Amino acid sequence: VRIGIFGGSFDPVHVGHLLVAEACAETLSLDEVRFVPAWEQPFKGGRHHASATHRVAMLELALRGNPRFVLDLCEVERQGVSYTIDTLVCLQKRFPDDQLFLLIGADAARDLSSWRDAARLPTLANIVVLSRPGVPLPQQPLVTHNIEVPAIDVSATAIRQAIGEGRSIRYQVTTEVHDYLVAHRLYT
Ligand code: ATP
């Protein structure tokens, strides 16, 4: 079985995440993509904008209906700083006979070499970098695949900013996620 691992803040999950994960699953013939929301991102100074409970609830809504997409709560359950190396070790133990593919957007991959135990990451998973509009593909020796995915210029930062300014974010997130964040007044 070929398993994609897609980590992030998902603060909130948006259509960019869904589209590139699906494109990657097609290109690499992945049997599943596991979305792993971080408890605390090492590079984001700790704090997320929405609680883990809200971020997980929005992911549940967004992933529903795609049999290939799976929500993986290992980082949320582990708490503390979410290091990718710990997640890969844990997933490798859980799926010893499967092939793991770590999916990283080009922006996040820029500082890959400074991630904890970076040199060990490729021993546990194939390292896959996905193109992202406005970000050149980083030249990283640890990377096993560079994948050109459809360019979709949507980011969680821009979504939070739009909400803060009272602008529409319709179609940048799924309808269910949109309704959820309106109902819970997130990012206002
Ligand atoms: P923020 O704007 O808050 O930094 P984000 O939109 O980059 O958030 P994350 O949850 O940090 O979202 O991203 C999770 C992963 O998805 C990262 O590897 C990121 O590079 C990738 N990613 C997010 N949006 C896109 C996109 N539009 N195209 C390609 N990759 C993306």
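The values are calculated or read from the model by the stated rules, or taken from the named source; none is laboratory data. Note that this is a predicted model, so its numbers are computed, not measured. Here Cβ is always computed from backbone atoms with ideal geometry, including for glycine, and neighbour counts include all displayed protein chains. These area figures cover heavy atoms from the full protein model, side chains too; ligands, DNA and RNA do not enter into them. Shrake-Rupley method; radii C 1.70, N 1.55, O 1.52, S 1.80 Å.
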Q. Which number in (1) of a type in the set (Val, Ile, Thr); (2) away from the ligand (no atom under 13 Å from the Cβ); (3) surrounded by 16 or more Cβ atoms within 10 Å (Cβ to Cβ) marks the one condition that THR27 misses?
A. (3)
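Have a look at PRO12, PRO67 and point out the one that is at pLDDT 95 or above and farther than 21 Å from ARG132 by Cα. Steps first, please.
Working: PRO12 fails: farther than 21 Å from ARG132 by Cα.
Testing whether each residue is at pLDDT 95 or above and farther than 21 Å from ARG132 by Cα leaves just PRO67.
So which of PRO150, PRO141 is assigned to a loop (DSSP other than H, G, I, E, B), in contact (Cβ under 8 Å) with a residue 60 or more places away in the chain and loosely packed, with under 14 Cβ neighbours inside 10 Å? First the steps, then the outcome.
Values: PRO141 fails: in contact (Cβ under 8 Å) with a residue 60 or more places away in the chain.
Only one candidate passes the filter, namely PRO150.
Could you tell me which of the residues ARG185, ARG132 is open to solvent by 60 Å² or more (accessible area, probe 1.4 Å) and either in contact with a Leu (Cβ under 9 Å, 6 or more places away or on another chain) or within 11 Å of the ligand (Cβ to nearest atom) (or both)? So that I can check it myself, show each step before the final result.
Numbers: ARG185 fails: either in contact with a Leu (Cβ under 9 Å, 6 or more places away or on another chain) or within 11 Å of the ligand (Cβ to nearest atom) (or both).
Exactly one of ARG185, ARG132 is open to solvent by 60 Å² or more (accessible area, probe 1.4 Å) and either in contact with a Leu (Cβ under 9 Å, 6 or more places away or on another chain) or within 11 Å of the ligand (Cβ to nearest atom) (or both), namely ARG132.
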Q. On the given criteria, is ALA21 assigned to a loop (DSSP other than H, G, I, E, B), of a type outside the set (Lys, Arg) and either near the ligand (Cβ under 10 Å from one of its atoms) or in contact with a helix residue (DSSP H, G or I) (Cβ under 9 Å, 6 or more places away or on another chain) (or both)?
A. no
(Q) Can you pull out every residue in region 1-13 that is more than 6 Å from the ligand (Cβ to nearest atom) and open to solvent by 10 Å² or more (accessible area, probe 1.4 Å)? (A) VAL1, ARG2, PHE6, GLY7
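In region 153-169, what residues are outside any helix (DSSP H, G or I) and either in contact with a Cys (Cβ under 7 Å, 6 or more places away or on another chain) or near the ligand (Cβ under 10 Å from one of its atoms) (or both)? First the steps, then the outcome.
To start, the set of residues in region 153-169 that are outside any helix (DSSP H, G or I) comprises 153-155, 165-169.
Correct list: ASP153, VAL154, SER155.
Residues that are within 16 Å of the ligand (Cβ to nearest atom) and open to solvent by 40 Å² or more (accessible area, probe 1.4 Å): find the helices (runs of 4 or more DSSP H) completely inside region 52-122 holding 1 or more of those. Steps first, answer last, please.
Numbers: elements: 52-63, 74-78, 84-94, 106-109.
Here the list reads 52-63, 106-109.
Please work out which residue is nearest to the ligand (Cβ to nearest atom), limiting yourself to region 30-45 and to residues that are under 17 Å from ASP86 (Cα atoms) and open to solvent by 20 Å² or more (accessible area, probe 1.4 Å).
Of region 30-45, the ones under 17 Å from ASP86 (Cα atoms) are 34-43.
Remaining after also requiring open to solvent by 20 Å² or more (accessible area, probe 1.4 Å): 34, 39-43.
Working: ARG34: 13, TRP39: 13, GLU40: 13, GLN41: 7, PRO42: 12, PHE43: 9 Å.
Among those that are under 17 Å from ASP86 (Cα atoms) and open to solvent by 20 Å² or more (accessible area, probe 1.4 Å), it is GLN41.
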